[in-house]
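For reference, the structure discussed in these notes is given below.
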Amino acid sequence: MTTELKQKEDVKPELTAAEHPATKYLREERLPHIWCSGCGLGSAVTSLTNAYEKLGIPVDDIGVVSGIGCAGRAAGYFETDSYHTTHGRAIPFATGLKLSNPKMNVTVFSGDGDLFAIGGNHFIHAARRNVDMTVICVNNYNFGMTGGQFGPTTPRGATATTSPYGNYENPFNLPDLAASAGAIYVARWTTVHARRIQKAMEEALSKKGFSFVEILSPCPTGYGRKNQLGEGIDELKSYQDRAVIKHGSDPNEAEIERDPEAEIVVGKFVDIDRPTYCEVADDYLQGK
Amino acid sequence: MSDRAILTGKHFMNGDEACAEGALAAGCRFFAGYPITPQSEIAERMSKRMPEVGGRFIQMEDELSSIAAVLGGSWGGSRSMTATSGPGFSLMMENIGLGMMTETPCVIANIQRGSPSTGLPTAVGQGDMMQAQWGSHGDYGVIAYAPTSPQEMFDFTVKAFNKAEQYMMPVFVMADEKIGHMRERVEIDESKVDIYPRRKPEVDPDEFKPYKPDEDLVPHMASAGEGYRVHVTGLTHNEQGYPQLDVKTQQEKVGRLIDKVEKNKDDIVEIEKIGVEDAEVLIVSYGMAFRTAMGAYKRAREKGIKVGIVRLVTVWPFPEDEIKELSKQVKGIVVPEINLGQMVREVERASAGNAEVKLVPHPGGGLHEPEQILESLEALL
């Protein structure tokens, strides 16, 4: 190619999927993805690929593990070693993967129902042990894949297909749960905060130990529709209005209300260091 | 204890301990489990021995996570196992299905106890035999061994690991409380321990298809971090490992999960035949019940009864061709089991009316008296 021709092309860049910076980490032949228009999962995946790229983690050292549900399908799009496991068991599968093959940088990417309803027990125990992995929870406040039933993060009073009279259960406050259980890094952002999500993911991936990033996402087909929140873009706008950044604040005060005017606390709640499960184990087992 | 993985020598140990030693000898370097009677000695032995041989032991929060961690451990590149008993076996069923669907080599030892539910936690049972074949939803082939002594707990655990790698699937060691807690001489000889190596990819990553089978219907496995960037899913998937949700793919995939066991039965099925040449009646038995059956066999022979025994080394896949042939030779078959009738159904099916088949049941919690089996034999003559 002559310099002249190249310059000509540079003037008129043609953006194709093949040129997308995330391509390196994605199975192009699997795209387009299955997610609904307006869903935040695509943004979360992009942030993660950008974080991998920024950190320069070798692709062959990355293991992505998902459970079941909309977010659970994410593993299928990563061109890394990727594991789409059973409902709720992504974290224990990832625990085995990490302990068996410590060089792997293990990311669990799943949803609120998968990680905190059926898989809740595994979350708190992996955090307690401080197994070295990054858990990314895309929270859309409901079970999207199965048709919009209420779940462990559905705000009190919100409507879902199995809470037609309003949800009368108390939701989990995920950053508070993660911090209480022993996570060494805890952050929450919304899909409006694309760059901050990426930064949080970079920090979480870089830390040794159990890191947790919650990403609040629109679900215009499920939760949004049932609660008259409009299109995905409207939910994003709502996040923009409601989100208040409070780094270092008490995660106990980060509960999410159904009230569309109520503030949503986002930011980095926890960023501490403590030895990982394997580090402590190896210390005890030295010379055995 | 020792930094040697294979403890060559003569030992006095119980079946659970022998199971753990068999696993280590077979190259197991990842164990995830949850305490449950009567398997706890396996986990206890592993917690002590695994660090000695450079492996990893983890006590998980339940059996759901134990089996999930074992599958992750196997994909991480380690030979992996868990051990449990009835209630834990029930909890593991969903991820046993994931292991079958994703063709993940691993070993699950089930030290059976009186059941259902909490049942008789400290006492013998053989009530999970059908669950081993049919416990997880859907169709898949199964390989399950039934040891009858601590020595066989060692030997069959080695076999289980090798078959798990050879056929890329979870394999069961279906023992019971009596075998697990029985203490006997166990001889270990490193020179006799053969290891079936992991079926690594034989082509470059660009060409590799994780679910493209060889002629023996079994694919190859790329562990995490080896550069093959595999996708592994419990969804119905094509040879590339990608979800493909249609009937044709379902037929190919699930059909192969059955065929890779069925069409390799000559390699997998193992039975022991004792005195069948002139037999007019037959005992078919396995596990702890087989030891009692041997007592009945000896007494029957002393009384001049022409009896033979088929002992199932592999209970699954069931040796139906062998039982069918023998059923043509004998007047009747008795099947002593420490349950209220499980493998007897397979014996009935295989003998297809050629011989009368009689269950000798015993509930969990105890063993048959040899006389019970003897009386059943005499009744058939």
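What follows is calculated from the coordinates using simple rules that are stated; it is not laboratory data. All values derive from a computational prediction rather than experimental measurement. Glycine gets a Cβ as well: all are built from the backbone with ideal geometry, and neighbour counts include every protein chain shown.
Put the Cα centre of the stretch A:90-113 next to the Cα centre of the stretch A:121-198 and the gap is 18 Å. The mean sequence separation of alpha-carbon pairs under 8 Å and at least six residues apart, normalised by the residue count of chain B, gives a relative contact order of 17 percent. Beta bridges per DSSP, both residues in the protein assembly as shown: antiparallel share near 25 percent. When you filter the GluC sites (Glu not before Pro) in the stretch B:168-209 for DSSP loop state and at most 13 other Cβ atoms inside 10 Å of their Cβ, you are left with B:Glu202, B:Glu207.
Note on the stretch A:38-101: Rg/Rh from Cα positions, Kirkwood definition for Rh, rounded to two decimals, is 0.97.
Counting only DSSP beta bridges with both residues in the stretch B:271-380, tell me the antiparallel percent, nearest 5. Around 20 percent antiparallel, to the nearest 5. Phi angles across the stretch A:172-178 convert, under the Karplus curve 6.51 cos²θ - 1.76 cosθ + 1.60 with θ = phi - 60°, into 3J(HN,Hα) values of 6, 9, 5, x, 5, 4, 5 Hz, Gly and Pro given as x.
Kirkwood analysis of the stretch B:271-380, using all unique Cα-Cα pairs, places the hydrodynamic radius at 13.3 Å. The length gained by stretching the chain between B:Glu325 and B:Asp214 to full extension, at 0.36 nm per residue less their Cα-Cα distance, is 36.8 nm. Just so you know, the Cα atoms of the stretch B:1-268 work out to an Rg and Dmax of 17.8, 55 Å. Under a 5 Å amide H cut-off, with hydrogens placed 1.01 Å from N, B:Val232 pairs with A:Ser82, A:Tyr83, A:His84 among residues at least 5 apart or on other chains. Note on chain B: with a GNM built from Cα contacts shorter than 10 Å, the maximum mean-square fluctuation among B:Gly73, B:Gly308, B:Gly234 falls on B:Gly234.
Highest mean packing comes first when the peptides B:92-100, B:16-24, A:51-59, B:118-126 are listed by Cβ atoms within 10 Å, giving B:16-24, B:92-100, B:118-126, A:51-59.
Past the 33 angstrom mark, what percentage of all C-alpha to C-alpha distances in the protein assembly as shown do you count? Within the protein assembly as shown, distances greater than 33 Å cover 52 percent of Cα pairs. Which of A:Tyr83, A:Tyr168, A:Tyr239 moves the most in a Gaussian network model of chain A with Cα springs under 10 Å? Result: A:Tyr168 has the largest fluctuation of those listed.
With a Förster radius of 45 Å applied to the beta-carbon distance between A:Ser206 and B:Glu252, the computed FRET efficiency rounds to 0.60. What the Cβ-Cβ distance of B:Leu340 and B:Thr122 gives, at R0 = 25 Å and to the nearest 0.05, is a FRET efficiency of 0.80.
Placing a label point 7 Å from the Cα of B:Gln244 along the Cα-to-Cβ line, the residues of the stretch B:185-212 whose backbone N sits under 13 Å from it are B:209-212.
When Cβ neighbours within 10 Å are restricted to other protein chains, what is their mean count per residue of peptide B:58-66?
6
Excluding same-chain neighbours fewer than eight residues apart, the lysines reachable from B:Lys265 by a Cα-Cα span under 16 Å are B:Lys159, B:Lys163, B:Lys324.
With 0.36 nm allotted per residue and the present C-alpha distance subtracted, the B:Arg349-B:Asp62 stretch has 99.6 nm of extension available. Taken as Cα centroids, the stretch B:1-35 and the stretch B:172-237 sit 18 Å apart, rounded to the nearest whole angstrom.
The GluC sites (Glu not before Pro) of the stretch B:235-298 meeting both criteria, a DSSP state outside H, G, I, E and B (loop) and at most 12 other C-beta atoms within 10 angstrom of the site's C-beta, are B:Glu277.
Within chain B, DSSP assigns beta bridges of which about 30% are antiparallel (rounded to the nearest 5). Within 10 Å of the Cβ of each residue in A:183-196, the mean number of Cβ atoms contributed by other protein chains is 0. How would the stretch B:1-125 be classified by its alpha-carbon gyration tensor: rounded, prolate or oblate, with rounded meaning a/c under 1.5 and the a/b versus b/c comparison settling the rest? Oblate, because a/c is 1.5 or more while a/b does not exceed b/c. Anisotropy class assigned to chain A is oblate, per the alpha carbon gyration tensor with a/c at or over the 1.5 cut-off and a/b no larger than b/c. Where in the stretch B:366-381 does the amide nitrogen come within less than 16 Å of the point 7 Å from the Cα of B:Glu356, taken along Cα to Cβ? Once the point is set 7 Å along Cα→Cβ of B:Glu356, B:373-381 turn out to lie under 16 Å by backbone N, inside the stretch B:366-381.
Mean per-residue shielding of peptide B:3-14 is 0, counting Cβ atoms of other chains within 10 Å of each Cβ.
If I take R0 = 45 Å and measure r between the Cβ atoms of B:Glu184 and B:Asp139 in this structure, what FRET efficiency does the formula 1/(1 + (r/R0)^6) give, to the nearest 0.05?
The value I calculate is 0.75.
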